[in-house]
1. Under 5 Å between amide hydrogens, which residues at least 5 positions from B:VAL75 or on another chain qualify, with H placed 1.01 Å from N in the peptide plane?
2. Might you tell me the accessible area per residue for chain A, computed with a 1.4 Å probe and given in Å²?
3. Determine which lysines satisfy two conditions relative to B:LYS111: a Cα distance under 20 Å, and not lying fewer than 8 residues away in the same chain.
4. Tally Lys and Arg at +1 and Asp and Glu at -1 over the other residues with C-beta under 15 Å from the C-beta of A:ALA381: what net charge comes out?
5. Tally Lys and Arg at +1 and Asp and Glu at -1 over the other residues with C-beta under 15 Å from the C-beta of B:TRP467: what net charge comes out?
6. Could you work out the per residue convex hull volume over the alpha carbons of region A:197-248, in cubic angstrom?
7. Considering only the other residues whose Cβ falls under 11 Å of the Cβ of B:TYR140, what net charge follows from Lys and Arg at +1 and Asp and Glu at -1?
8. What relative contact order, as a whole-number percentage, does region A:172-303 give when Cα pairs under 8 Å and 6 or more residues apart are counted?
Amino acid sequence: MTLVFVMALLWPLCVALRSTWQLVRGYPAFDLAWLSAAWPALVLAFLGEGAWEWPAWMLGGQWALDDLSRPWLAFTALLWSLAALHARGYFKAALTRARQGDEEQCYKLARFVLLWPLTFAGNALLIVSQDIASFYLGFALMTFAAYALVLHDRTDEARRGARAYLVLAVIGEGLILAGLFWAAGQEQASTLAGVREGILISPQGVWMALLLWLGFGVKAGVLGLHVWLPLAHPVAPAPASAVLSGAMIKAGLLGWLVFLPLGEEGLSPALVAFGEAMLVAGLAAAFLAALYGVCQRHPKAVLAYSSISQMGMLTALVAMGLIDIELWPLLWPGIVLFAGHHALAKGALFLGTSVSEHLPRWPRALTWAALALPGLSLTGAFGAGILAKYSVKHALEEMHHTPLILLLTLAAVGTSALVGACLWRQWHQRDVGGGDGFQLAGWGLAILATLSVPWWLPLPEESVHVPSLASFVELAWPLPAGVLLLAAGVWLGKRLGAKPLAAGDLWWLYRRPALGVVALCAGVAKRARRAKRASVERSLALETWAMTHLTRALEGETWLRRHGSGLMMVFAVLLALLLIWEGRG
Amino acid sequence: MTENMAWLPLAALAVSLVAAIAIFSLPETARPVRTVINLGAAVCKVALVALMVGRVSLGFEDTFSFQIIGGIDFVLRADALGVMFAGLSSILWLCTTVYAIGYLEGAANRKRFFGFFSLCVTSTLGIALAGNLFTFLIFYEMLTLSTYPLVVHAGTQKALAAGKVYLRYTLSAGVVLLLGVVILYSLTGDQSFASEQGLDRYLDDHRGLLTLVFALLVGGLAVKAAIVPLHGWLPRAMVAPAPVSALLHAVAVVKAGAFGILRIIYDLYGIELSALLGVTTVLAVIASITILYGSLRAITQAELKPRLAYSTISQVSYIVLGVCLVGPFGTIGALAHLLNQGLMKVTLFFCAGSYAEELGIHRIDEMNGAGRRMPLTSLAFTVGALGMMGLPPTAGFITKWYLGIGAIEAEMLWVVAVLVASTLLNALYFLPIVYRLWFCQGPAHGVGQWPDEQRLGRLETHGWLLWPAVFTALASLGAGLLAGLPFSPLEWATRVAVGEYLP
């Protein structure tokens, strides 16, 4: 077991090293070793639970596979493996060009091949970490290595997407760092549990929670910090988008689950209020992203907004851990299933966007049905999606949170509309031929994995609940409703001649003030430089002036010395006269 | 083992002094002999300092002292704090010597260079091991003078001007420092760091005077530590050859100032007295201003070395800030940063020098695609840059973590804000460089030409330039990844801090 654990974390690094060695000798290759980067981690997740310690590691290393990290690692590693498989087919044409001597293509692929396993290594490390340093290391490694995956195509859009990603990622790192310092400093803790404790007992706990929520929220697409998602996803290669939207944004969610004191006894009223704010923000994201997302032109942008919307629902569910602590033990296993299902479904959908651009010569109905399957599951009306949605709902029902259930059901209408919009856009941008077996294999396996999530994922107990027929109808009606709404919207849009909206919504709003601030800083710096130069000149002038006077004074001394005897005489005479005058009186 | 191996600190000091004398007495053309002496002395010194480290960890404190005139002693003492700085300087001296031999291949005046280089390291070691203020002052001034020829080594107009500025700053600072020492001596009649009674007994009657002396001492040292607004000489001294800049920024001059401040606060005044006087809070504010100002100025630099110089200004103040947090965690952070910053900054300067030598790169916008042409150097640079940002697994993260925890412990939340802001600013000026190295198309991809390309070696550059950078980069990674191992910077810093707080 320990051996597998070490392998799971080291194997991706070995793969990266091996890729480096290959690059020195020739061309990048998507060979078996490269595909296997995530396999040991996958094996580890299915072997069972365990805990490891190594005090020499950074601030004291602690890792564990528990109820939470085990399923998390399983779906993450599986998605990475399938996306890698897909990537092999996806980059086939590019690889051929590279082998024919296209230098630029070769360099791009080299970067991808090298940074893919590194990004995975970070992702896997953060999942199994129980100490802050390892978690932060994994998070940072994943975040920064993934930059190359987003930038891959190097077009103007890709640069913009990558820049948006990086700017927000750095801001997020700053927020996380501040939150971790603050919360860990209370107890001088170095473990995740210590941070939770710190937030719970400190009077300023709510501010720490806010910092961490926002910091991880950059990844998880909290409303306002989500702008990188719709900019980065459409430009990244399909396998990269799949892991970005499936696995990596889940890392943000995992950050909340491990750092926030969810479901703990003795939450302060401020923390409960914070939970309510989080709930509102989550629901707002769920609805607004759906509204904005259906108006996108690019299918991957639609999917990005769908991710924001889904993560909004998850935010709302996580918030319940602060609002109702009795609900939390029932709810969190459902959240794990929900997250795992969304990860794989979203992964399959993103991989599908590359399939629809290179359609295989299958019967049309079959292909499009397969493309629609993960989407249907995502809406909660089909396959594993039913169980994923119902398991969460079941817990909410038991504790009588009816309004929230209603809102989540309404949000599912948005999900259906988004999935419909994505397929519709894919249909408009379809193309036949040029695909590859690996591409289809990765995608097909991802669909199968999506539809069967509850059966293979090593879930914690009590996480799967099977709905009755009546509840099934409640789960299913958002699908036709969403599709109808979408159709009505499309018809209305055509009548009014509406154009698709620009991806990245608030990014364009943030841009102007940000550019203004930069210009302001430049202006201030220019002024400061001028002021400094002036003051240096002034002090130099002052120094010259002082020195001249000093020299003149010293010259005066020379004059005194030269006329010393004469002056002494004058002095003596004066003294004598004074004495005489005194004596007379 | 004997109780007191008095010869040990003296021998460690003498090794490089003897090397300096030998180099000065050899003719300019005796290159192989000089190289052997240089490397031999550096290796010897590492061995001696390693022995000292071992002795200190066993609980010995080797002291060498003799009386110069009545009441004034020359004392060398190998205590935990001093040995820490000595270890850093001896290891980095070895790396820098190797680098300098490669760097100055075929250049003029190598004899002068290596002679003063050895003297410079002698003084640094003297500062590390100085057992009282008097000895400290001697070596501190010796450092000023032995560095001057190195700064002006190129002999150009610009170099001479920079040297003049350097001397103006450091010599006037020396006078201020001397004034402080004299006032203190006239008050106490004692100039030992570790005086038994401490200065506490003067607190009631001479509070103002103690504060004044503190201001004079720290003010004098702050010039070398490049604390704003006394930092003006450092960016100008960038005209020095790369190995000198590396040594200047990582160990010798800048660190000597910071180390002096550590000595003053921990050993001369004692941490409680400093806190009672209220000087630590003032110093923390000044250090924070320096951290932010240095980072802001670094962003505006278009050339690589000045950017690194401003980054040093910012990073060295972390050490001072950590001390001023007045708590074990802040202290550990400060002491670990003394070592970690040295390792990371020396890496960055080695790489900057290699870029300049191999490709003629001086400006940041010339660095496009250099990662392809010089992959190992660029990897080392990337590690150093990420370390400066404080990202794990580099050593920079460890210090930042302890400083952050220390700030919370001291209930100074604004320090956390400063740390986070500094992280963001560091990202702002280091990430674009990393981006250019790895993601931009440059001459290595057939776009444009390097300013002045030379093929110095079979590998990406001369092996003597490459391996020191790779070694220090690995060391700064190791210092972060395996921070929990015995004799790692963190572990040693913890040992010193425990000694300070739990006597």
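1. HN-HN under 5 Å from B:VAL75: B:GLY131, B:ASN132, B:THR135.
2. 42
3. none
4. Here the count lands on +1.
5. -3
6. So the per-residue hull volume is 71 Å³.
7. +1
8. 27
The values are calculated or read from the model by the stated rules, or taken from the named source; none is laboratory data. As the structure is a prediction and not an experimental result, all values here were calculated from the model. Counting neighbours? That spans all protein chains shown, and the Cβs are built from the backbone with ideal geometry, glycine included. Accessible surface is based on the protein model in full, side chains and every heavy atom, while ligands, DNA and RNA are left aside. Shrake-Rupley method; radii C 1.70, N 1.55, O 1.52, S 1.80 Å.
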